[in-house]
1. Between 0 and 90 degrees, rounded to the nearest ten: what's the tilt of helix 438-449 against the longest Cα principal axis of the chain?
2. Could you give me the percent of Cα pairs per 10 Å distance bin for region 300-449, shortest bin first, beginning at zero and ending with the bin that holds the maximum distance?
3. For residue 63 and residue 309, compute 0.36 nm times the residue count separating them, minus their Cα-Cα distance, and round to one decimal in nm.
4. If one computes P(r) from the Cα atoms of region 407-446, what percent of pairs lie at distances over 11 Å?
5. Of 414, 251, how do they rank once you tally other Cβ atoms within 10 Å and put the fewest first?
6. Using alpha carbon centroids, what distance separates region 36-95 and region 210-261, in Å?
7. Would you mind ranking 162, 91 by Cβ crowding within 10 Å, fewest neighbours first?
8. For each of 329, 271, count neighbouring Cβ atoms within 10 Å of the residue's Cβ, then give the residues from fewest to most.
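Taken together, the values in this text are just the output of simple stated rules run on the coordinates, not laboratory data. Computed from a predicted model, the values in this text were never measured in an experiment. We place every Cβ from the backbone using ideal geometry, glycine too, and count neighbours over all the protein chains shown.
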Ligand SMILES: [Zn+2]
């Protein structure tokens, strides 16, 4: 599969997805379910599902009924057949040629029909083995009546609401926690582990002054190459946050030798200098920022661990050494225990909320850096005012405003509100184990008084 084609397909996919949204809103009609059948003697359907995320499918019947937004079960015919995947129909069936990237999946050249009525499918979910087998359906009181069982000749079969519910039941019952993988959502448990492996592969490439293709990186991570971009996003965010050279610029398209759009994090007209900066950086002096995930631990696990047991903060910090990752975890913990409210003004927009340290990060001991009792959730204005010492908190949790003479002439509404908060109780977590520790507040006051 050519990467260039993949990009085109992806773009077509995005355009089509927008069309779907529009046409569904316009018509207001409910999405229907279909079964689309593939004959494994003619077409390597399982390989195609592994390799492609968009397929064109012949529509011989119901062309006037099948519409964008409808869903389809991909069915493999024959004795070992069954439902292999779920898909969304992206456009109205119409005359179109077979997609070039699909030609290699045909097992008999003479079964390729170039122009035919087709619909474009986005593959949403692929099952490792048939999620509902032909024999399961034959044994099922509702499903045994389906056309795909009784009269399986054809390509497109309607699915009634009852049948769809029954299929969904079998799928959910059969696939509880195994044998099923979602495209696009790799699962949080493995996201950081994948980032850990990708970091190792990318920094090795950088040290050897080499680029790496999507395919090579996918092999190094142990994932399907379409999924690489999710991992690259995590790495790119980390490099941006830490002001590191753009490591993801080393991942190139095998055909063009160029980095993928969206993962450059650099001036697109001057990729060369970006690559130079990556090669010139001493990556070996950095520890892998995702090392905490090497044993399969996810960021979610750590957030939960800290919320559950804040006294483990030092132990957790020992595992999460990189400042960007630690701060991201700390903020998530604080958002959760403060129920997404600024402890001073109560502002509840998550995007405006930050995790402040009572004993500042640079003065903090390792055990204080991820400790929720050394934190406050504050809006960005109150975070600045807190860090600068203009605002504070007393050991009995009252908000303090340290006034200055130059305030009298200000007409700022935010300032007026902040001054008025003086003496109010801070809005603190419900559970006492999460509230600021008096010892940290005293230590902070000592530090500020020496400034
Ligand atoms: Zn605030």
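1. The helix 438-449 is inclined about 60 degrees to the chain.
2. 12, 43, 33, 10, 2
3. Once the chain is fully extended between residue 63 and residue 309, it gains 82.8 nm.
4. Cα-Cα pairs in region 407-446 separated by more than 11 Å: 75 percent.
5. Final ranking by Cβ density, sparse to dense: 414, 251.
6. With region 36-95 and region 210-261 each reduced to a Cα centre, they are spaced 31 Å.
7. In increasing order of surrounding Cβ atoms, one gets 162, 91.
8. Ordered from fewest to most neighbouring Cβ atoms within 10 Å, 329, 271 come out as 271, 329.
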